[in-house]
Amino acid sequence: MNLDDLALQIHNMRQRVALLQRQSEQQKAQEDIELVTAVFREVHLALEELQLVNEDLKQQNEELSNAQQALVAQRQRYQELFEEVPDAYFVTDIKGVIQEANSAATTLLNISKSFLLGRLLEIFVLEKEIITFHLKLNHLRDRTETPEWKIQEWEVNLRPRDKTPIIAAVKVVAIRNQQGKLVGLRWLVRDISESKRTQAKLQWAEDAMRQALAKERQFSELKSRLLTTTSHEFRNPLATIHSSAELLEHYRHLWSDERQNIHLRRIQTSVMHITQLLDDVLVLNQDETGKLEFNPTPLNLVEFCRDLLEELQQSDRSQHAIAFSSEYQCTLANLDAKLLRQILSNLFSNCLKYSPIGSIVKFSVTTVNDQAIFQTQDSGIGIPASDIEHIFEPFHRASNVGNIPGMGLGMSIVKQAVDLHGGEIIVESAIGVGTAFTVILPFSINLHL
């Protein structure tokens, strides 16, 4: 029996007593005695019912008190768990206004709880990501209307007060009332900046290791190809030196001076060829091992070019006509002599190698605006268009070279030397017409005399 039933019972008893009182006033004494007896009986029954109601109320009050104590304990436990969570924990309304925040949240954002409550969570998002965050929140609200919606996760850059921005992992869960309507959101936010940095370092280390292994494999393949190619390329000039030396040893006393000089020039040419091959191999090895250096010194370019051409003409044995021209605006230019020699000797040797005997090979040097411009031009076999983009790769040789000897290293070395100068190389070629190379090298020192 509840309180409403008790009140109704008392009201009914009062009406019954009032009725008995009116009846007793209208009847005789004997009847009065019977009425009084009935009244007492009614009162006794009412008192028993009141006793039962009282005991029932005591039991309900005790149950209610226990329920309230359990609720308080549960609330206290929830608050303890809420505060003990190691990650930042927020409770917001559906618009993202903060209603609750634990200690980890205040630590994460470096701000007091009193300031957090009632503020929009998105004000701590980096400015460039606020629109994206706002769109995610709108999309989140739309999706939470569907029963199958579960935890949503993403990453966002947050800006704690007076601290550097952090990368945070966000998990969001919907809060619903008994009718299943969305009434709020629970947010779990974790700082993953350090793990991201560690992940980036590991990724960098992995990439560096992968590149190092690829470089090692490439270098191993390069050495293998270098050994194979050089052994083949050295064989011909060594054979020439050996045969000419033997002939001179056995027959020079029978030959004229002119015929002896022919074999001596062959030996000299072969030695120069071997020297060039060795120089190319050494330069390539220095580049692959990171030991190729750039050491500019003041050079007289006209004298430098003339001396180099004289050496190359001796090895060519006057089989080509060489046209040299210069438009030189200064006396000294600051360039690396060793690298410049590699550039010009390889370019000019190719002109002689791939041009018909008796043809003209043009070579010019010009200085303009603190730049040296070198150009070689031949009327040789030319370079196929499909090969031009690959000519600066080690060991690459054009598809139309036929039996003309070569290692395919010269143009690769030229490109490396040009790059070390911070320069540029331009190729123009046509099959059966010839090839022109233009090299532009900047220099920082001009000394006018």
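Miscellaneous remarks
- Taking label positions 7 Å along the Cα-Cβ direction at both LEU50 and GLN178, the computed distance is 3.5 nm, reported to one decimal.
- The residues packed around ALA168, meaning those with a beta-carbon under 9 Å from its beta-carbon, carry a net charge of -1 if Lys and Arg are +1 and Asp and Glu are -1.
- Counting only DSSP beta bridges with both residues in region 289-401, the antiparallel share comes to about 55 percent.
- Estimated distance in nm for a label pair at THR164 and ASP207, the labels positioned 7 Å out from Cα along Cα-to-Cβ: 1.9
- Over region 291-442, the Kirkwood radius and the radius of gyration, each from Cα atoms, give a ratio Rg/Rh of 0.95.
- Computed Kirkwood radius, in angstrom, where 1/r is averaged over Cα pairs of region 98-187: 14.2
- Average accessible surface area per residue within region 291-442, 1.4 Å rolling probe, Å²: 46
- Hydrodynamic radius (Kirkwood) for region 337-395, which is based on Cα pairs only, to one decimal in Å: 13.2
- Per residue accessible area in Å² of region 84-196, where ligands, DNA and RNA are left out and the probe is 1.4 Å: 58
- Counted charge near ILE130, where neighbours are those whose Cβ lies closer than 11 Å (Asp, Glu -1; Lys, Arg +1): 0
- Extension gain, VAL368 back to ASP257 (0.36 nm per residue minus Cα-Cα distance, nm): 35.2 nm
- Accessible surface of HIS134 - all protein chains present, 1.4 Å probe, nearest 10 Å²: 80
- For PHE294 and GLU389, the FRET efficiency from 1/(1 + (r/R0)^6), where r spans their Cβ atoms and R0 equals 30 Å, is about 0.70.
- Solvent exposure ordering (accessible area, 1.4 Å, most first) of THR275, THR92, THR269: THR275, THR269, THR92
- Accessible-area composition of region 84-196, carbon plus sulfur, in percent [1.4 Å probe]: 53
- Accessible area of TYR89 in the full protein assembly, 1.4 Å probe (Å², nearest 10): 40
- Here the extension length gained between ASN403 and GLN313 equals 30.2 nm, from 0.36 nm per residue of separation less the Cα-Cα distance.
- Between LYS128 and GLN268, the C-beta separation translates, for a Förster distance of 60 Å, into a calculated FRET efficiency of about 0.30.
- Solvent-accessible surface (1.4 angstrom probe) belonging to ASP370, in square angstrom, nearest 10: 80
The values are calculated or read from the model by the stated rules, or taken from the named source; none is laboratory data. Since we're looking at a predicted model, the values are computed, not measured. Virtual Cβ from ideal backbone geometry, glycine too; neighbours counted across all protein chains shown. Surface accessibility is based on the protein's heavy atoms, side chains included, excluding ligands, DNA and RNA. Shrake-Rupley method; radii C 1.70, N 1.55, O 1.52, S 1.80 Å.
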